[in-house]
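**Student:** Encoded as structure tokens, here's the structure I'll be asking about.
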Amino acid sequence: MAAKSKAELAMMYFPELSKERALQAFRRLIKRDPVLKNEIFTTDFLSSHILTPKAIHLIYENLGDPQDLSNSRRFDRMDREKNLFG
């Protein structure tokens, strides 16, 4: 697994949103998952724009692979926007 930028990964999870909104939604998604939130802060998540393979693995492990549209842990488009942006 290769390193990715936060924006790149956010756009993979939220392809229907703008880059800025996708990043915002991605951060909120991580903050709302207590297990992921605790684990991700052991990486350089806060201080870097590039996510390490370890950080990406933690995200995939907790949120599911963004490419796997059948993943039951993923929000559908409307629920994601409603839950994350009110």
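Every read-out reported here was derived from the displayed coordinates using simple, explicitly stated rules and does not represent laboratory data. None of the values given here were measured: they were computed from a predicted structure. Positions of Cβ are backbone-derived with ideal geometry, glycine not excepted, and every protein chain shown enters the neighbour counts.
**Student:** List every residue whose amide H lies under 5 Å from the amide H of Leu51, counting only residues 5 or more places away in sequence or on a different chain, with H placed 1.01 Å from N in the peptide plane.
**Tutor:** Lys4, Ser5, Lys6
**Student:** Quick check: net charge around Leu46, other residues with Cβ under 12 Å of its Cβ, Lys/Arg +1 and Asp/Glu -1? Show your work: numbers first, answer last.
**Tutor:** Details: positive: Lys6, Arg27, Lys31, Lys37; negative: Asp44.
After counting each charged neighbour, the total is +3.
**Student:** Let me ask something additional. With θ set to phi - 60°, apply the Karplus curve 6.51 cos²θ - 1.76 cosθ + 1.60 along the range 16-28 and write out the HN-Hα couplings as whole Hz, x wherever there is a Gly or Pro.
**Tutor:** The phi angles translate into 7, 9, 5, 4, 5, 5, 5, 4, 4, 5, 4, 4, 5 Hz.
**Student:** Under a cut-off of 20 Å between alpha-carbon atoms, report the lysines in cross-link reach of Lys19, not counting same-chain residues fewer than 8 places apart.
**Tutor:** Lys4, Lys6, Lys31, Lys82
**Student:** Applying the Karplus parametrisation 6.51 cos²θ - 1.76 cosθ + 1.60 with θ = phi - 60° to the phi angles of the range 51-58, what ³J(HN,Hα) value in whole Hz is obtained for each residue in order, glycine and proline being reported as x?
**Tutor:** In residue order, the calculated couplings are 8, 6, x, 4, 5, 5, 4, 4 Hz.
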